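Below is one structure, written out as structure tokens; the observations come after it.
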Amino acid sequence: WTAVEGQAFTDILYDRTEGIARISINRPHVHNAFRPETLVEVMKALRHARFDPEIGVVILTGVGGKAFCSGGDQRVRGDDGGYKDEEGVHHLNALDLQREIRTCPKPIVAMVAGWAIGGGNVLQLLCDLTIAADNARFGQTGPRVGSFDAGFGAGILARTIGVKKAKEVWFLCRQYDAQQALEMGWINTVVPLERLEEETVAWCRQMLTLSPTALRVLKAAFNADSDGAAGIQELAGNATALFYMTEEGQEGRDAFLEKRAPDFSRFRRRP
Ligand code: 1HA
């Protein structure tokens, strides 16, 4: 892994290796709980990875082997509707990151060791794939600590593990080990902690051998209905991009620029 240059972060590490970008929440003293600044940095790194043509897959993880992320840092949770940044402004910007994970056209893999709790579980849930270590533990705490994620945190969990199980997770605030999570379809696989990185990188490398366009359109497809019109927009944008790459699409542009009527006669009407 090499650190990505020109990016100064305090709350995360951002590095890369052969087509893979890795974003690691680096607050192990609080089990990688996030504060608003942490999420701003994750979003910045994620955008950087998205626009870097050398990167095909992104790993989201936590530093230290004991926690992926324990959700919002309760020490900076204020009284004015969110988590306080250093300027005293309150945010719920975990919701912004959730959307960016879903709209990033490259696959994002959660690499989970230890706790994935509260908003931390929601982040791993929204990643496209989750590779967990055998010490991983999953759960929601909202109803215990005075919070809830009634957006993707409820809806996508229900799609992922089923409505009954999702209600159990949220209504009882229990914790589930990696094996239980695997049986529910909450995560993709479980490996011994010492093999976590190796296995995650192997999954990433396998995706890197496949068609980036196919993966991109499939990711948009998986989100399309649950994202409503915005999801259809994302999916349809891929059709527009592909159309722009065809002679039929280009004939329209060329005719306009050459100030002539377009001639689409050579393009077949396919059945
Ligand atoms: O619900 C939302 C949102 C909803 C809508 C929109 C935006 C949202 C954004 C965020 C969230 C949330 O994430 S709410 C849920 C917040 N998270 C939690 O309630 C989990 C709190 N942590 C725990 O329950 C436990 O720490 C643990 C089950 C993950 C681990 O327990 P363990 O192994 O006993 O460790 P523990 O001693 O509790 O933690 C180690 C250190 O990390 C402690 O600090 P220390 O006493 O050593 O100084 C502990 O206080 C700290 N820590 C752990 N989690 C957090 C934390 N400090 C601040 N915030 C945390 N989340």
Residue by residue through the stretch 163-195, note down the ones that are touching a helix residue (DSSP H, G or I) at 6+ places or on another chain (Cβ under 8 Å) and assigned to a strand (DSSP E or B). 176, 189, 190, 191
If you go through the stretch 13-24 one residue at a time, do you hit one that is within 20 Å of residue 106 (Cα to Cα), more than 9 Å from the ligand (Cβ to nearest atom) and assigned to a loop (DSSP other than H, G, I, E, B)? yes
Can you find even one residue in the stretch 171-182 that is away from the ligand (no atom under 16 Å from the Cβ), over 27 Å from residue 77 (Cα atoms) and touching a strand residue (DSSP E or B) at 6+ places or on another chain (Cβ under 9 Å)? yes
Note on residue 65: of the conditions (1) closer than 20 Å to residue 133 by Cβ; (2) open to solvent by less than 20 Å² (accessible area, probe 1.4 Å), unmet is (2)
Taking the stretch 151-170 and the residues there that are of a type in the set (Val, Ile, Thr) and out of contact with any strand residue (DSSP E or B) (no Cβ under 7 Å at 6 or more places or on another chain), the one that is farthest from the ligand (Cβ to nearest atom) would be 163
Working only within the stretch 159-181, note down all residues that are surrounded by fewer than 16 Cβ atoms within 10 Å (Cβ to Cβ) and of a type in the set (Gly, Ala, Ser). 162
Can you find even one residue in the stretch 249-256 that is within 27 Å of residue 20 (Cα to Cα) and open to solvent by less than 70 Å² (accessible area, probe 1.4 Å)? no
I want to confirm something. Restricting to the stretch 191-214 and keeping residues that are within 19 Å of the chain's Cα centre (by Cα) and open to solvent by less than 60 Å² (accessible area, probe 1.4 Å), which single residue is farthest from the ligand (Cβ to nearest atom)? 214
Considering every residue within the stretch 76-96, establish whether at least one is under 23 Å from residue 187 (Cβ atoms) and within 15 Å of the ligand (Cβ to nearest atom). yes
Between a first residue in the stretch 228-239 that is surrounded by 13 or more Cβ atoms within 10 Å (Cβ to Cβ) and a second residue that is of a type in the set (Asp, Glu) and not in a helix (DSSP H, G or I), which pairs have beta carbons less than 8 Å apart while being 6 or more apart in sequence or on different chains? 231/225; 234/227
When you look at residue 42, is it under 28 Å from residue 193 (Cβ atoms), open to solvent by 10 Å² or more (accessible area, probe 1.4 Å) and in contact with a strand residue (DSSP E or B) (Cβ under 7 Å, 6 or more places away or on another chain), yes or no? no
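The values are calculated or read from the model by the stated rules, or taken from the named source; none is laboratory data. Predicted model, so just to flag it, every value in this text is computed and none were measured. No Cβ is skipped: glycine too gets one built from the backbone with ideal geometry, and neighbour counts run over all protein chains shown. Ligands, DNA and RNA are excluded from the accessible area calculation, which covers all protein heavy atoms including side chains. Shrake-Rupley method; radii C 1.70, N 1.55, O 1.52, S 1.80 Å.
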